[in-house]
Amino acid sequence: MSIRKTLVQALAFVLGAAALASAMAQGGAGPRVYQVGEITLDRYTVLERIWVGSGFTVFGVPTRADEAGAIAALKEEAASLGADGIVNLHCVNDEGGFLGWSGHYCYANAIKLK
């Protein structure tokens, strides 16, 4: 019975690791990014406009080296607000920006589903 129990535990570990790898490949946990027209306005409430119109954007914006990193950072910010998703996602690349600053920057609305 000891061998059977060990085999079951090993199989459970392998399946768990495979599920984790799959989740990470699909963007991992956290708020989902909804595309235009994918969700109607009556299905969610906007919690906050992330990285747009706040006081700190006068002095600088949180940029990342690539667009994927900027979206990941935006999703982390939305998750910290308790958001279920993100809508109206826009990303820009500020190559050769003011004072030589450059990088990818994204903004969106963090939403809570009804």
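Has the range 39-58 got any residue that is assigned to a loop (DSSP other than H, G, I, E, B), surrounded by fewer than 10 Cβ atoms within 10 Å (Cβ to Cβ), at pLDDT below 65 and aromatic (Phe, Trp, Tyr)?
No.
Which one is modelled with the highest pLDDT, of the residues in the range 88-100 that are surrounded by 12 or more Cβ atoms within 10 Å (Cβ to Cβ) and in a loop (DSSP other than H, G, I, E, B)?
Asp94
Filter the range 59-81 down to the residues that are at pLDDT 70 or above and in a loop (DSSP other than H, G, I, E, B) and list them by number.
Within the range 59-81, Pro62, Thr63, Ala65, Asp66, Leu81 meet the criteria.
Among the residues of the range 78-87, count how many are surrounded by 15 or more Cβ atoms within 10 Å (Cβ to Cβ) and touching a strand residue (DSSP E or B) at 6+ places or on another chain (Cβ under 8 Å). Walk me through it before giving the result.
First, pick out the residues of the range 78-87 that are surrounded by 15 or more Cβ atoms within 10 Å (Cβ to Cβ): 78-79, 83-87.
Next cut, touching a strand residue (DSSP E or B) at 6+ places or on another chain (Cβ under 8 Å) only: 78, 83-87.
Residues that pass the stated criteria total 6.
The values are calculated or read from the model by the stated rules, or taken from the named source; none is laboratory data. In this text, all values refer to a predicted model and were calculated from it rather than measured experimentally. Here the Cβ is made from the backbone with ideal geometry for all residues, glycine too, and neighbour counts use every protein chain on show.
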